[in-house]
Amino acid sequence: MGGVDDEEPALKRMKVSAKGLAALSNGSSTLETVGGFSSNSMARPLPSEVDEQVVGSKGVIKREEFVRIIAKALYSLGYRKSGERLEEESGIPLHSPGVNLFTQQVLDGNWDESVATLHKIGLADENVVRSASCLILEQKFFELLHGEKVMEALMTLREEITPLCSYSSRIRELSSCLVSPSPKQDIVKVRSRSKLLEELQKLLPPTVMIPEKRLEHLVEQALILQTETCPFHNSMDKMSLYSDHHCGKELIPSRTVQILETHDDEVWFVQFSHNGQYLASASNDQTAIIWEVGVNGLSVKHRLSGHQKPVSSVSWSPNDEELLTCGVEESIRRWDVSTGKCLQIYEKAGAALVSCTWFPSGKHILSGLSDKSICMWELDGKEVESWKGQKSLKISDLDITDDGKEILSICKPNTVLLFNKETNDERFIEETQTITSFSLSKDNKFLLVNLLNQEIHLWNIEGDPKLVGKYKGHRRSRFIIRSCFGGLKQAFIASGSEDSQVYIWHRSSDEPVEALPGHSGAVNCVSWNPANPHMLASASDDRTIRIWGLNNLNKKYQNGHSNGIHYCNGGT
């Protein structure tokens, strides 16, 4: 336990005697000032001096902090000599002599001395001092116990840790290690001293000990902010530090690369499989089609016939091996994707089935019924459970969260119900306008709600639902129009429209970034390929499905499914 590699600067250059350490803190309650300037000094720098204390064109970066963070990064990267040279040349030490002494004492296992030094480095918060002291003394306790010095460990627990620790449960836990020590348990608890320093660093103010990888964290924050504010960011390409990030519209699927014309009537619904290798479509012609996504475009894999009424929606099983199709106030059918065979028909006497979805386990399905109830079925068609009351409407979307606990449905014309089937708790999203459809995000944190007044609302459904976004521009007056999340990290929203166009918004903007013409009838539904952010499908009353891709067909996209990429030259 004694030998621990020290990644901090060479402390021998700044060692201070414990006797002289008292001078490092002037007894004030403020934090120690590393650079030698008192935070409450009345002296004000001259204008010429101000420029020397900051860097950057905006004058918001303090030179001293900037230099210290760079020095920390150099040491973390292993460039010790460069870090030492920066400290020497700038005259700005990474840490104060007191902190350097404290660090060395911890690494050397000088526990009592390190606790004493901790009290002298100018920490204003006594709770921080107490918590840090407890961490140090616990390390001392476990190292003594690990070295089979049980009596010394007992004395440390009684006389040093117990007076400091306010949690009796923690004292009992430590005491149990003395009564029946487990060698394996002790080994786990005796962390390395460098790990102890990392824990202490999280407790101490950053002005005293700069957090690990602080520079990397700042740079990452800057890059993430640039991507989040970029209205067209839709690429997995690595970002460069050499220039500011900027994406153009060429990364948005805005060109028709294929037109699918197999359906004989209006196409009402489309949905890509979870792995992006298939697309399913539902039509007023009473059929559904499974399309296979290949490198040369989409092709028909199976045409599914059997419904006696138009097919209103489809739902992919969690493993994409089976598909549900729902007829308009009729029945639900379950199909084998590989063979196209109908495996099961779900019907209920006295009520029509109007919506469907899969349980995350893939072992049950859910359906909304015309009597406003929701029913849970086993795959063989046996009804398992039913939730009655106003749980769904006659025409209703239906979904369930990935943990299988919360069922989402439209229970009233202007209300979405989030029903916990385990606790029977109910949460509601209430709109002032009639809701026509909704779509749940992949991370289950957000819900898109389409409204009668030609608006799409974005709700955060973690905890109490909160309205966080509104989107306008598309047209809706008579039909059910569906929208979806999509693109890289689902940063975009796409929607159909009755003006024959597809509309795309970035989540952060209420104005469309693209309006895609091409269809000759209302666009009822859109689906963004979850495995390929550059592929979008739209279904229309013009009896066609359009596949949208990039204008730049040579653009590469990295993902594990080669047949989830389609860059064919389908003409419009």
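I want the local charge near VAL502. Using Cβ-Cβ distances under 9 Å, sum +1 for each Lys or Arg and -1 for each Asp or Glu among the other residues. Mind showing how you got there, number by number?
On the way: positive: ARG546; negative: GLU514.
For residues surrounding VAL502, the net value is 0.
Round to a whole angstrom and tell me the spacing of the C-alpha centers of the stretch 132-160 and the stretch 46-122.
Distance between centres, Cα-based: 31 Å.
Towards the positive end of the charge dipole of the stretch 351-474, with charges on Cβ (+1 Lys, Arg; -1 Asp, Glu), say which of SER396, GLN454, TRP358 has the farthest Cα.
The Cα lying farthest towards the positive end belongs to GLN454.
Kindly state, to the nearest 0.05, the FRET efficiency for GLU113 paired with GLN53, given R0 = 25 Å and r defined as their beta-carbon distance. Kindly include the intermediate steps, with their values, before the conclusion.
Values: r = 35 Å, r/R0 = 1.41.
The formula returns an efficiency of 0.10 here.
Quick one: go through the stretch 55-79 and flag any residue whose amide nitrogen is under 18 Å from the point 7 Å out along the Cα-to-Cβ line of LEU225.
Label zone hits: 55-63, 65-67, 69-70.
Considering Cα pairs under 8 angstrom that are at least six residues apart, work out the relative contact order of the stretch 352-469 and quote it in whole percent.
14
Provide MET151, MET376, MET236 ordered by accessible surface of protein heavy atoms (probe 1.4 Å), highest first.
Details: MET151 125, MET376 20, MET236 90 Å².
Descending order: MET151, MET236, MET376.
Hey, quick one: spin label on VAL384, modelled 7 Å out along Cα-Cβ, who in the stretch 429-458 has an amide N within reach, i.e. under 15 Å?
So the set is empty, nothing qualifies.
Which entries in LYS213/LYS445; LYS72/LYS202; LYS372/LYS412; LYS372/LYS472 show an alpha-carbon gap greater than 19 Å? Kindly include the intermediate steps, with their values, before the conclusion.
Details: LYS213/LYS445 30 Å; LYS72/LYS202 15 Å; LYS372/LYS412 10 Å; LYS372/LYS472 30 Å.
The answer is LYS213/LYS445; LYS372/LYS472.
Roughly speaking, what is the stretch gain from GLU250 to LYS412, that is 0.36 nm per residue apart minus the C-alpha to C-alpha distance, in nm to one decimal?
Numbers: separation 162, 0.36 × 162 = 58.32 nm, distance 4.09 nm.
Stretched out fully, the GLU250 to LYS412 stretch lengthens by 54.2 nm.
For SER477, project a label point 7 Å along Cα to C-beta. Then give me every residue of the stretch 485-520 with its amide nitrogen under 13 Å of that point.
Inside the label zone: 498-500.
To the nearest 20 debye, what charge dipole does the stretch 409-483 have about its Cα centre, counting +1 at the Cβ of each Lys and Arg and -1 at the Cβ of each Asp and Glu?
Numbers: 12 positive and 9 negative charges, 109 e Å.
Its charge dipole is roughly 520 debye.
Rounded to two decimals, what is the ratio between the C-alpha radius of gyration of the stretch 259-377 and 2.2 N^0.38 Å?
On the way: Rg = 13.7 Å, N = 119, 2.2 N^0.38 = 13.5 Å.
Dividing the Cα Rg of the stretch 259-377 by 2.2 N^0.38 Å gives 1.01.
Excluding residues fewer than 8 places away in the same chain, name every one of the aspartates and glutamates whose C-alpha is closer than 20 Å to that of LYS249.
GLU228, ASP237, ASP510, GLU511, GLU514
The values are calculated or read from the model by the stated rules, or taken from the named source; none is laboratory data. Nothing here was measured: the structure is a model prediction, and the numbers come from that model. Cβ: placed from backbone, ideal geometry, glycine included. Neighbour counts: every protein chain shown. Only protein heavy atoms, including side chains, enter the accessible area calculation; ligands, DNA and RNA are left aside. Shrake-Rupley method; radii C 1.70, N 1.55, O 1.52, S 1.80 Å.
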